[in-house]
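The values are calculated or read from the model by the stated rules, or taken from the named source; none is laboratory data. Since the structure is predicted, the reported quantities are computational estimates derived from the model, not experimental observations. Positions of Cβ are generated from backbone atoms using ideal geometry, with glycine treated the same way; all protein chains shown enter the neighbour counts.
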There are 2 protein chains.
Amino acid sequence: MSPQEPGLFEIIQTTRAMRQLKPDPVPDDLIDRILEAGAAAPSGGNNQTWGFIVCRDEDLKKQVQVFYKRAFDEYVLPHYESRKEAPPPGMSKAQFERQLDRVSHLTDRFHEAPVWIVACLDTGKRPPNYLSGASIYPAVQNMLLAARALGLGATLTTRHGIYGKEVDTLFGLPDGVHSYAILPVGYPVGRFGPVARGDVKSVTYRDRWGQH
Amino acid sequence: MSPQEPGLFEIIQTTRAMRQLKPDPVPDDLIDRILEAGAAAPSGGNNQTWGFIVCRDEDLKKQVQVFYKRAFDEYVLPHYESRKEAPPPGMSKAQFERQLDRVSHLTDRFHEAPVWIVACLDTGKRPPNYLSGASIYPAVQNMLLAARALGLGATLTTRHGIYGKEVDTLFGLPDGVHSYAILPVGYPVGRFGPVARGDVKSVTYRDRWGQH
């Protein structure tokens, strides 16, 4: 390990969703390092039936953003409103409100991120099921951690999947291939910092669900 | 970062599926560190509707292994046989054969891993869909990386999901909660080493699928 290389546990604990990004371009070699980290992840049978679209096309990003915004208005905002008094574990009401502000900001400027990485998976003739993600989200997490380690901000987003068919068509995905995540990547506004999470002990069980 | 803490990129590139495990017990504090890494992962809306079962119960593990073995005989072995001449990207036929040997070994001794971490997700009233995994597999990947960093071997397995209903009942999961992965964890037989993967450039596209 080079002395500059950041430590795993520190990176894991400070890989926050970075929803405010600068428009500055991101060098290709950093994107390559992120992709290499992604492709080191496990996948079912090591089959690696994934594909990664590096999207910088402004028109295309804008077309996708229209669906992203529509899904926000229809589903995400009402969900936040309904949860205002019951923020997630480890978050205060104020933090949850700030999260909504930033989610709203990201929604409006989704297409302005200098680069997107779109993580796709070919599930072949079988329709994707709830376990298929085991062959793509580990790669996504590796990419989020790698971006963080390289000083780049990113966010795991799946909301476009509400209009998955329309968006997959825009990205030219063939039959059997589905987009599982869009990661807007760029230099972050603001600092990396500790993630806000609940105490894992409260959701850790001994042998069977509910046993502490 | 402490000088002993391993670097992110090195860890990512050497987190192989470690399918041969020693029976030696794994200290609780190492499992706790793995779980803390898991719970730092992103989840939809930061809702963290996950739960982690730390299973050491030998009878229970054996009962689950019966389904794991059945699924091997019915689905996994035929799949490997059909793929013998076409190994995954980055693997030789010999490597793929060794993988089958180790998968077969893991199947027979699945319950002998000293500890399992079972990653579960509560999807509430909505049935889980192909995107739900975005709220649990990032946590799973964090746990695999953390285990590796702590010198512990683990493997991401989802095969039990072929008999998901039966297995979820064994773990006492309530309605709406599903197990997404079982990670057998223990001290590994053999060394950590570079993962065998294809060249990510061949599956990286510019703006739209298929464009290089």
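Before moving on, here are some points about what is shown:
- Between B:Tyr163, B:Tyr180, the distinction of being among the hydroxyl-bearing types (Ser, Thr, Tyr) and within 18 Å of A:Asn46 (Cα to Cα) belongs to B:Tyr180 only.
- The helices (runs of 4 or more DSSP H) found entirely in the stretch A:20-97 that carry 3 or more residues being buried (at least 17 other Cβ atoms within 10 Å of the Cβ) and within 19 Å of the chain's Cα centre (by Cα) are A:28-38, A:58-71.
- Filter result for B:Ser92 (under 29 Å from A:Asn142 (Cβ atoms), away from every other protein chain (no Cβ under 11 Å) and not charged (D, E, K, R)): yes
- Inside the stretch A:1-19, residues that are buried (at least 24 other Cβ atoms within 10 Å of the Cβ) and among the basic types (Lys, Arg) make up a count of 1.
- When B:Glu112 is tested against (1) within 12 Å of chain A (Cβ to nearest Cβ); (2) farther than 22 Å from B:Thr14 by Cα, only condition (1) is not met.
- Candidates in the stretch B:173-212 are the residues that are under 30 Å from B:Thr49 (Cβ atoms), touching a strand residue (DSSP E or B) at 6+ places or on another chain (Cβ under 9 Å) and not aliphatic (A, V, I, L, M); of these, the one that is surrounded by the fewest Cβ atoms within 10 Å (Cβ to Cβ) is B:Pro174.
- When the stretch A:168-212 is filtered for residues that are hydrophobic (A, V, I, L, M, F, W, C) and either more than 12 Å from chain B (Cβ to nearest Cβ) or assigned to a loop (DSSP other than H, G, I, E, B) (or both), the ones remaining, listed by number, are A:Phe171, A:Leu173, A:Val185, A:Val189, A:Phe192, A:Val195, A:Ala196, A:Trp209.
- Taking the criterion of being facing chain B (nearest Cβ under 8 Å) and part of a helix (DSSP H, G or I), the only residue of the stretch A:153-163 that qualifies is A:Gly161.
- Filter result for B:Val103 (at the interface with chain A (Cβ under 10 Å from one of its Cβ atoms), at pLDDT 95 or above, part of a helix (DSSP H, G or I) and under 23 Å from A:Ala17 (Cβ atoms)): no
- Any hit, the stretch A:134-141, residues being within 11 Å of chain B (Cβ to nearest Cβ), in a loop (DSSP other than H, G, I, E, B) and touching a helix residue (DSSP H, G or I) at 6+ places or on another chain (Cβ under 7 Å): no
- Under the condition of being assigned to a helix (DSSP H, G or I) and crowded, with 23+ Cβ neighbours inside 10 Å, the residues counted in the stretch A:107-131 number 1.
- When the stretch A:11-69 is filtered for residues that are β-branched (Val, Ile, Thr) and touching a residue at least 24 places away in the same chain (Cβ under 8 Å), the ones remaining, listed by number, are A:Ile11, A:Ile12, A:Thr14, A:Thr15, A:Val26, A:Ile31, A:Ile34, A:Thr49, A:Ile53, A:Val54, A:Val64.
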